[in-house]
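Peer 1: Below is one structure. I have some questions about it.
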C-alpha cells in the first residue's frame with residue numbers, strides 16, 4: 001500500500017490544536033512538507049518545530065490568519081500557493097457554539113457559513129490549479145457525523161456541516177478527472193477542545209462530568225472516546241496515493257455510533 005507523501009505539500013487548517021494538530025503529525029510522518037494555518041501564531045510556531053522532517057526536501061512553515069476574514073484568507077493562500085503548489089488541502093475549523101436551531105440568530109448562520117463553506121471555497125479555488133498541474137490533489141474536509149445524523153442541540157453546526165457535505169460532493173465530481181479527490185471525514189466523540197467545550201456546557205447546566213460523559217458514551221458501541229490520532233489516520237489515508245479511487249465520500253470515524261447505512 002502506497003501511503004508515501006514525500007515531495008508533496010499539505011496545507012492543514014486549524015492546525016494549532018485538536019484534530020488539525022494530530023493530522024499535521026500524521027502527514028509529516030508520511031513525508032509531506034506542511035503549511036500550518038490557524039489564528040494562533042505562537043502555537044503554530046511551536047508545532048512546526050515539533051513536526052518530524054526526516055524525508056528529503058521536507059520542511060514546514062506556518063501562517064496565522066482568521067478563517068472568518070475572507071479577504072485576508074484569500075491573500076494568505078495566494079501567497080502560499082505562489083511559493084509552492086499545494087497537493088493536499090485539509091479543511092478544518094472550529095464548530096459553531098451549541099444550541100437549538102429554532103433560537104439561533106440569523107447572524108450565527110452567516111458566521112458559520114463564512115468560516116466553513118466560504119473559507120473552503122476560497123482555499124480550494126487557490127489550490128486547484130497546482131493540483132491540476134501535478135495531476136495529484138487531495139481535499140479532505142474534517143466535518144461531523146451530523147452530516148449523516150443531526151446531533152441534538154447543535155442546530156447551526158448541523159446546518160453548516162450539511163452545506164459542506166453538499167459542496168464537497170459536487171466538487172468531487174467536477175475535479176475527479178484531473179486526479180483530484182474530495183472527501184469528508186466525520187469524527188465522532190473525540191478527545192479535543194471541542195468535546196471539552198460541549199461537556200463543560202452540560203456541566204454548567206447542572207449535570208456532573210461523569211453523567212455527561214456516561215451519557216455520550218451510551219451511544220458509542222466502542223464505549224470510549226476517540227483519540228485525535230485515530231481520526232487523523234483516516235485523513236492521512238485519504239491524502240495518500242493509496243486512496244486515489246476514493247472520491248466523494250463521507251467516512252465516519254466514530255466507534256460505530258452513527259446508525260445510518262449511508
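Peer 1: For the residues 167, 102, what sequence is obtained by ranking on other C-beta atoms within 10 Å, fewest first?
Peer 2: Details: 167 19, 102 6.
Least to most surrounded, the residues fall as 102, 167.
Peer 1: Helix 228-239 against the longest principal axis of the chain: what's the angle in degrees, Cα atoms only, rounded to the nearest 10?
Peer 2: That helix lies at roughly 40 degrees to the long axis.
Peer 1: Assuming 0.36 nm per residue, please report the length gained on full extension of the stretch residue 74 to residue 262 beyond their Cα-Cα distance.
Peer 2: Details: separation 188, 0.36 × 188 = 67.68 nm, distance 3.42 nm.
Difference between extended and current length: 64.3 nm.
Peer 1: Taking the Cα centre of each part, how many Å lie between region 110-162 and region 1-63?
Peer 2: Using only Cα atoms to place each centre, the spacing works out to 19 Å.
Peer 1: Looking at the chain, what % of its DSSP beta bridges pair antiparallel, to the nearest 5? All intermediate terms of the calculation are to be shown ahead of the outcome.
Peer 2: On the way: 0 of 28 bridges.
Looking only at bridges with both residues in the chain, the antiparallel portion is about 0 percent.
Peer 1: Right, here's the next one. Take 67, 1 and order them by how many other Cβ atoms sit within 10 Å, fewest up front.
Peer 2: So the residues, fewest neighbours to most, are 1, 67.
Peer 1: Using alpha-carbon pairs under 8 Å, 6+ residues apart, how would you state the relative contact order of the chain in percent?
Peer 2: It comes to 21 percent, rounded to a whole number.
Peer 1: On to the next question. Relative to the first principal axis of the alpha-carbon coordinates of the chain, what is the inclination of helix 193-204, with its axis defined by its Cα atoms, in degrees from 0 to 90 and to the nearest 10?
Peer 2: Its long axis makes an angle of about 10 degrees.
Peer 1: Sticking with this one: Taking the simple approach of a point 7 Å from Cα along Cα-to-Cβ for both residue 6 and residue 176, what is their distance in nm?
Peer 2: So the label points at residue 6 and residue 176 sit 3.1 nm apart.
Peer 1: Roughly what angle does helix 41-50 make with the longest principal axis of the chain, taking Cα atoms, 0 to 90 degrees, to the nearest 10?
Peer 2: It is inclined by approximately 70 degrees.
Peer 1: Run lengths n ≥ 4 of DSSP H only: what is the helix-derived mean residue ellipticity at 222 nm for the chain, with -39500 (n - 2.57) per run over all residues, to the nearest 500? If you can, show how the numbers build up before the last one.
Peer 2: Details: 9 runs with 114 residues, N = 262.
One gets -13500 deg cm²/dmol as the mean residue ellipticity at 222 nm.
Read the figures in this text as sums done on the coordinates, not as results from a lab. Treat the numbers as computed from the prediction; the structure is a model and nothing was measured. Virtual Cβ from ideal backbone geometry, glycine too; neighbours counted across all protein chains shown.
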